[in-house]
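Data block below; observations after.
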Amino acid sequence: MKTVRIQYFALLREQRGVGQETLATAAATAGELYAELRSRHGFTLPADRLRVAINGEFAPWDASLTDGVELVFIPPVAGG
Amino acid sequence: MKTVRIQYFALLREQRGVGQETLATAAATAGELYAELRSRHGFTLPADRLRVAINGEFAPWDASLTDGVELVFIPPVAGG
Amino acid sequence: MSFQISSQPIDLAVLRNALAHPHAGACATFEGWVRNHNDGRPVLSLEYEAYAGLAEKEGARILAEACAKFDLVAALAVHRTGHLQLGDLAVWVGVTAAHRDGAFGACRYIIDEAKARLPVWKKEHYADGVSAWLNCAIRGGFSTAAGPPSGPPTG
Amino acid sequence: MSFQISSQPIDLAVLRNALAHPHAGACATFEGWVRNHNDGRPVLSLEYEAYAGLAEKEGARILAEACAKFDLVAALAVHRTGHLQLGDLAVWVGVTAAHRDGAFGACRYIIDEAKARLPVWKKEHYADGVSAWLNCAIRGGFSTAAGPPSGPPTG
């Protein structure tokens, strides 16, 4: 088990009901963690519509999670 | 003979030494008038680098001159 | 040369002064304003939310790409966050160059990339009381050249 | 929707307010500034001269063409006359549209046509004390589609 911090934005923030949380997980990768959270919280967005950032930088979904990392799941963007 | 008013701008104004003049001419067309003025004042620009405006609107070089018209010979433009 | 995420109104005079330079003969700007309709629905207001830290990093990369592609003097951009009303300025891009080709090309490049890549989200509030997050940019499922090398998992 | 020739400094705030409209989601502007070099020669200042009456008429035609070609909300432009110093604003074009494609396309069209067609002239004053009228635009010997039907005489 490792401890990770997650920030939520936009639709994910509203579906989760909080802007951030710290939790313990057995997930090995960012992709596994999103699948775990999606089934727990009923997120409507599939991972293939998202990107993930780890420690403030875009990262691949198969990036290994280490203790203490900060993750952001990034919904489809709509700036401008 | 008819009387015409001419305004000069930019290089033509400097080569003519005045911004406008009223003169009597036997020229039948705008093109004939420019040829007459060019030989009299030594304008360096040939007519095919100019356009002509009559009474505030672009006109063809073969437009007939009538008494009292206002002409502007328009050097190559360089706005912006 | 920075791309700012700002919760405060954008001060155009300050930005314009920051672009001034004696080599600059051309300045192109783009402004995105909150308009009263989208896809045929009347819009009353917009909420912008940003992952500011990453948005500013990605924005700086976009500006650097524009400088590499076009012959620029300077480039600057700001994106608002917060609850904006009709007519409010949501995003501003300003570019200077010796000539207008570079200025127009870079300005267009920056706003196009910003809309596709910055982690910024927009919630529209409609006249009928409903509101919705827009899901505009899913460019290549986010597996772009600028993105991570591996594809996303299913799930 | 007007193209003004102005001997007074251009007031950007006034112009921007004149473009505001609830349907407008995109605003593209172009500014031409006096820069310190041209074709490799150091420039100290610029003099602009215009045949104002015809320039405003031709400018209005250019704006009307832009409105016909692009889906615009509004378009506005001003060209300065007089003796301008380095960094001064010589020409401003502003366009609003629902979407950015129209705004960028029209803004570019207007400045390109204005440079090619408005009876406005520019004299450069160089660092070496020389000055010269620029003869930039001789598009098609002025026998453009917008021009008179007959060709110029020789001479």
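The values are calculated or read from the model by the stated rules, or taken from the named source; none is laboratory data. The model shown is predicted, which means the values in this text are computed figures rather than measured ones. So basically every Cβ, Gly included, is an ideal-geometry build from the backbone, and we count neighbours across all protein chains shown.
Taking region B:48-65 on its own, how many of its residues are over 18 Å from D:Tyr51 (Cα atoms) and of a type in the set (A, V, I, L, M)?
Summing the residues that are over 18 Å from D:Tyr51 (Cα atoms) and of a type in the set (A, V, I, L, M) in region B:48-65 gives 2.
Consider D:Ala146 carefully, then state whether it is modelled with pLDDT of 95 or more and either surrounded by fewer than 21 Cβ atoms within 10 Å (Cβ to Cβ) or part of a helix (DSSP H, G or I) (or both).
For D:Ala146, the condition - modelled with pLDDT of 95 or more and either surrounded by fewer than 21 Cβ atoms within 10 Å (Cβ to Cβ) or part of a helix (DSSP H, G or I) (or both) - is not met.
The rows are residues; the columns are (1) facing another protein chain (nearest Cβ under 8 Å); (2) farther than 28 Å from D:His37 by Cβ; (3) at pLDDT 95 or above.
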{"residue": "C:Leu54", "(1), (2), (3)": "yes, yes, yes"}
{"residue": "C:Ala66", "(1), (2), (3)": "no, no, yes"}
{"residue": "C:Lys69", "(1), (2), (3)": "no, no, yes"}
{"residue": "C:Thr81", "(1), (2), (3)": "no, yes, yes"}
{"residue": "C:Val91", "(1), (2), (3)": "yes, yes, yes"}
{"residue": "C:Val95", "(1), (2), (3)": "no, no, yes"}
{"residue": "C:Asp101", "(1), (2), (3)": "no, no, yes"}
{"residue": "C:Phe142", "(1), (2), (3)": "yes, yes, no"}
{"residue": "C:Pro152", "(1), (2), (3)": "yes, yes, no"}
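Tally up the residues in region A:1-59 that are closer than 16 Å to C:Pro119 by Cα and touching a residue at least 60 places away in the same chain (Cβ under 8 Å), please.
7
In this structure, does A:Arg51 turn out to be farther than 24 Å from C:Tyr48 by Cα and of a type in the set (Lys, Arg)?
Judged against the criteria, A:Arg51 is not a match.
Just checking, how many residues over region A:33-59 are more than 8 Å from chain C (Cβ to nearest Cβ) and touching a Ser or Thr at 6+ places or on another chain (Cβ under 8 Å)?
2
So B:Val72 ticks every box in (1) free of Cβ contacts under 8 Å to residues at least 60 places away in the same chain; (2) within 8 Å of chain D (Cβ to nearest Cβ) but one. Which box is left unticked?
The number of the failed condition is (1).
So which residues in region C:96-133 are under 26 Å from C:Ala52 (Cβ atoms), hydrophobic (A, V, I, L, M, F, W, C) and surrounded by 19 or more Cβ atoms within 10 Å (Cβ to Cβ), if there are any at all?
Correct list: C:Ala106, C:Cys107, C:Ile110, C:Ile111, C:Ala114, C:Ala116, C:Leu118, C:Val120, C:Trp121, C:Trp133.
Here are some conditions: (1) within 30 Å of D:Pro42 (Cα to Cα); (2) within 10 Å of another protein chain (Cβ to nearest Cβ); (3) among the small types (Gly, Ala, Ser). C:Gly59 meets all but one. Which one does it not meet?
So the condition that C:Gly59 fails would be (1).
Take the conditions in a strand (DSSP E or B) and not hydrophobic (A, V, I, L, M, F, W, C) and apply them to A:Thr3. Does it pass?
Yes.
Looking at region D:9-48, which of the residues that are among the polar types (S, T, N, Q) and more than 7 Å from every other protein chain (Cβ to nearest Cβ) is farthest from D:Ala103 (Cα to Cα)?
My answer is D:Ser45.
If a residue counts only when it is crowded, with 19+ Cβ neighbours inside 10 Å, which strands (runs of 3 or more DSSP E) contained entirely in region B:14-80 have at least 1 such residues?
Counting at least 1 such residues, we get B:51-54, B:57-59, B:70-74.
Does region C:49-60 contain at least one residue that is surrounded by 15 or more Cβ atoms within 10 Å (Cβ to Cβ), touching a Cys at 6+ places or on another chain (Cβ under 9 Å) and of a type in the set (A, V, I, L, M, F, W, C)?
There is no residue in region C:49-60 that is surrounded by 15 or more Cβ atoms within 10 Å (Cβ to Cβ), touching a Cys at 6+ places or on another chain (Cβ under 9 Å) and of a type in the set (A, V, I, L, M, F, W, C).
Starting from region C:46-69, take each residue that is under 14 Å from C:Ala116 (Cα atoms) and list its partners that are acidic (Asp, Glu) and crowded, with 16+ Cβ neighbours inside 10 Å, counting only C-beta distances under 6 angstrom and pairs at least six apart or across chains.
Within 6 Å, the pairs are C:Ile62/C:Glu113.
Do we find a residue being under 15 Å from D:Val120 (Cα atoms), surrounded by 21 or more Cβ atoms within 10 Å (Cβ to Cβ) and among the acidic types (Asp, Glu) anywhere in region D:29-38?
No: region D:29-38 contains no residue that is under 15 Å from D:Val120 (Cα atoms), surrounded by 21 or more Cβ atoms within 10 Å (Cβ to Cβ) and among the acidic types (Asp, Glu).
Here are some conditions: (1) basic (Lys, Arg); (2) more than 11 Å from the chain's Cα centre (by Cα); (3) farther than 26 Å from D:His79 by Cβ. B:Arg38 meets all but one. Which one does it not meet?
(2)
Conditions first: (1) farther than 26 Å from A:Ser64 by Cα; (2) at pLDDT 95 or above; (3) not acidic (Asp, Glu). C:Asn135 passes all but one, so which condition is the exception?
Every condition holds for C:Asn135 apart from (2).
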